[in-house]
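Below: the structure, in structure tokens.
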Amino acid sequence: MMLKPYSLGALLLTLLALPALSSVPAHAAPAPTPAVAPVPIAEGHTADQISRFLATFYGAHGPSPDDREQHVSQVLKDRQKVNTDSDVLLCSQNAPQNIGIGPVTVAQAAGVGWATVTTHWAGGVTDTFTAYVRLDSKPIRLDDVICAG
């Protein structure tokens, strides 16, 4: 009996195994993975709900003490404690003669809605600021105010 080199023996074993492997097509795709449904974005508050909230919250002359306590984020409450000379919810030192709420914009991806709030003062003077509401706030509340000037 003649000894064969190791590499030749390995080649023979590979060739003998080919019929078993040939039953699987070379182009066979892997088993499909189940589709993963996209995570839906939380619905949250709508532009109409935010508009109604801001109109009720601000009223004609500014938020009530109850609204200031129940419908304002902790960030704004803390900011008011530091800024004792002005009303951070109205961006002013006094109560306006009237308040108007502009159209609401909702950014679902950012989870926030906002509107321009216009305050009307004596002599026809107006001022504006932006009021922000988180879409997922429960109950709905004012999350932030950015004063225009």
Residues located in the stretch 63-84, provided they are within 19 Å of the chain's Cα centre (by Cα) and surrounded by fewer than 15 Cβ atoms within 10 Å (Cβ to Cβ): Gln74, Val75
Selection within the stretch 55-97 - touching a residue at least 12 places away in the same chain (Cβ under 8 Å) and aliphatic (A, V, I, L, M): Ala55, Ala60, Val72, Val75, Leu76, Val88, Leu89, Leu90, Ala95
Residue match in the stretch 140-148 (condition: assigned to a loop (DSSP other than H, G, I, E, B) and either open to solvent by 40 Å² or more (accessible area, probe 1.4 Å) or out of contact with any His (no Cβ under 8 Å at 6 or more places or on another chain) (or both)): yes
Filter result (of a type in the set (A, V, I, L, M) and open to solvent by 30 Å² or more (accessible area, probe 1.4 Å)) within the stretch 113-125: Ala122, Val125
Verdict on Val106 being of a type outside the set (Ser, Thr, Tyr) and open to solvent by 30 Å² or more (accessible area, probe 1.4 Å): yes
Given (1) open to solvent by less than 30 Å² (accessible area, probe 1.4 Å); (2) free of Cβ contacts under 8 Å to residues at least 24 places away in the same chain; (3) in a loop (DSSP other than H, G, I, E, B), number of the condition Gly100 does not satisfy: (3)
Neighbours by Cβ (under 9 Å, 6+ apart or cross-chain): first from the stretch 106-117, within 20 Å of Cys147 (Cα to Cα); second exposed (fewer than 12 other Cβ atoms within 10 Å of the Cβ) and not aromatic (Phe, Trp, Tyr): Gly113/Ala107; Trp114/Ala107; Trp114/Ile146; Ala115/Pro103; Thr116/Pro103; Thr116/Ala148
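Condition test on Thr128, is it surrounded by 13 or more Cβ atoms within 10 Å (Cβ to Cβ), over 19 Å from Arg68 (Cα atoms) and of a type in the set (S, T, N, Q)?
yes
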In the stretch 45-54, the residues that are touching a residue at least 60 places away in the same chain (Cβ under 8 Å) and either open to solvent by 30 Å² or more (accessible area, probe 1.4 Å) or assigned to a helix (DSSP H, G or I) (or both): Thr46, Ala47, Gln49, Ile50, Ser51, Phe53, Leu54
Selection from the stretch 55-70 of residues that are in a helix (DSSP H, G or I) and in contact with a helix residue (DSSP H, G or I) (Cβ under 6 Å, 6 or more places away or on another chain): Phe57, Asp67
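The values are calculated or read from the model by the stated rules, or taken from the named source; none is laboratory data. In this text, all values refer to a predicted model and were calculated from it rather than measured experimentally. Please note: Cβ atoms are built from the backbone with ideal geometry, for glycine as well, and neighbour counts cover all protein chains shown. Protein only, heavy atoms only, side chains kept; ligands, DNA and RNA dropped before computing areas. Shrake-Rupley method; radii C 1.70, N 1.55, O 1.52, S 1.80 Å.
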